[in-house]
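First up is the structure itself, then whatever we jot down about it.
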Amino acid sequence: MPVTTGFNHVATVTADLDRLKQFYADAFEATVTFEMAKADDHPRMAILDLGGGAALNAFEAEPDEIVGDRRKQGGRGPIDHFALAVESRDVLDGVRDRIVAAGGEVGDIQRLGSEWSLFFRDIDGMELEVTAPLAS
């Protein structure tokens, strides 16, 4: 049995922290649980509660300091994307609409193994995923 209990958070970098916080609030009802102003040794950051004990830690950086191509698989670095989980296909359908209303781009909901999967791009163009169990 694994000694870990799952993922705690995923960290990401954005050029506009306020815009990113608003997107995740609008699309996923994420709430900000912590904010830190920029300091000499640390960028401005926010921790967003994504539910289920998972968080998104977002750091703000100048656009020219963000390395990689968020729109290209393999260009995003060694961690390609993360997936958020919802409880059912009905919730997934609603989240799809919320992502669009919040300014994100969405693909088609598809079956991947034992889950429904929706790939989307957040407000910064980063490709991510939302999944729901197939038997819901």
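Nothing in this text is a laboratory measurement; each read-out follows from the coordinates by a stated rule. Everything numeric here is computed off the predicted structure, so don't read it as measured data. For neighbour counting, all protein chains shown are included, and Cβ atoms are generated from backbone atoms with ideal geometry for every residue, glycine included.
Let me check I've understood the local charge: for residue 89, count other residues with C-beta under 12 angstrom from its C-beta, Lys and Arg +1, Asp and Glu -1. What total comes out?
Charge balance in the 12 Å sphere: -2.
Rounded to the nearest 500, the helix-only mean residue ellipticity at 222 nm of the chain stands at -6000 deg cm²/dmol, with each DSSP H run of n ≥ 4 adding -39,500 (n - 2.57).
Only one residue of 53, 33, 102 has its Cα farthest out toward the positive end of the dipole of the chain, where Lys and Arg carry +1 and Asp and Glu -1 on Cβ, and that residue is 53.
Within the chain, DSSP assigns beta bridges of which about 75% are antiparallel (rounded to the nearest 5).
Could you order the peptides 122-130, 15-23, 29-37 from most to least packed, using the average number of other C-beta atoms within 10 Å per residue? Could the numbers behind the result be given before it?
Details: 122-130: 18.7, 15-23: 16.8, 29-37: 12.9.
Put in order of decreasing packing, that is 122-130, 15-23, 29-37.
Our summary gives the chain a relative contact order of 23 percent, counting only alpha carbon pairs under 8 angstrom and 6 or more residues apart.
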